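**Q** Dropping a structure here in structure tokens format, bear with me for questions.
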């Protein structure tokens, strides 16, 4: 059974909407649409319902953080502290999420956490672009 998916690549001057389907291990592009970034031209064309988009490069910060083995509520507090510290250095508000990785340092008893951060301004810009094209944003 083939499954369809659509991805949106928001670039500096335009955006690229790619639709494809997966058959086994092969992904086949079936449609590609170049979209202008100015608000006047974003109203037409394919609606962006159900597209997948992401961040890359300077829009995204990924960090591996070593933390002591603690209960979940303490880990949440540690990550909140880490995000606040990075937010102060980044010069703006950040959205963040983290995941405890299954990598434990047995010598030190520390856990490894993958922390992902993005500036809220980048996320808001993507949300506006998607909503202009009759799409919705889910976190």
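The values are calculated or read from the model by the stated rules, or taken from the named source; none is laboratory data. The structure displayed is predicted, hence computed values, not measured ones. Counting neighbours? That spans all protein chains shown, and the Cβs are built from the backbone with ideal geometry, glycine included.
**Q** Go through segment 86-96 and report how many residues are exposed (fewer than 12 other Cβ atoms within 10 Å of the Cβ) and either more than 19 Å from the chain's Cα centre (by Cα) or assigned to a helix (DSSP H, G or I) (or both).
**A** So the count comes out to 3.
**Q** Do the conditions hold for residue 108, that is, is it surrounded by 11 or more Cβ atoms within 10 Å (Cβ to Cβ) and more than 22 Å from residue 7 (Cβ to Cβ)?
**A** Taking the combined requirement at face value, the residue does not satisfy it.
**Q** Taking the stated definitions as given, is residue 62 at pLDDT 90 or above, in a helix (DSSP H, G or I) and either assigned by TED's automatic domain parsing to the domain that holds residue 110 or within 23 Å of residue 107 (Cα to Cα) (or both)?
**A** The answer is no for residue 62.
**Q** Just to check your reading of the model, which residue among 127, 116 is in the same structural domain as residue 31 (by TED's automatic domain parsing) and surrounded by 14 or more Cβ atoms within 10 Å (Cβ to Cβ)?
**A** From the options 127, 116, the qualifying one is 127.
**Q** For residue 67, indicate whether it is at pLDDT 80 or above and in the same structural domain as residue 109 (by TED's automatic domain parsing).
**A** The answer is yes for residue 67.
Let's see how each residue does on (1) closer than 30 Å to residue 13 by Cα; (2) over 21 Å from the mean Cα position of the chain (by Cα); (3) modelled with pLDDT of 80 or more:
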{"position": "74", "(1), (2), (3)": "no, yes, yes"}
{"position": "82", "(1), (2), (3)": "no, no, yes"}
{"position": "98", "(1), (2), (3)": "no, no, yes"}
{"position": "124", "(1), (2), (3)": "yes, no, yes"}
{"position": "131", "(1), (2), (3)": "yes, no, no"}
{"position": "134", "(1), (2), (3)": "yes, no, no"}
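**Q** Return the total of residues in segment 64-79 being in contact with a strand residue (DSSP E or B) (Cβ under 9 Å, 6 or more places away or on another chain) and loosely packed, with under 14 Cβ neighbours inside 10 Å.
**A** Of the residues in segment 64-79, 8 are in contact with a strand residue (DSSP E or B) (Cβ under 9 Å, 6 or more places away or on another chain) and loosely packed, with under 14 Cβ neighbours inside 10 Å.
**Q** Starting from segment 17-28, keep only residues that are under 24 Å from residue 130 (Cβ atoms), then list their pairs with residues that are not in a strand (DSSP E or B) whose Cβ atoms are within a distance under 6 Å, requiring at least 6 positions of separation or different chains.
**A** Partner pairs satisfying both residue conditions: 21/2.
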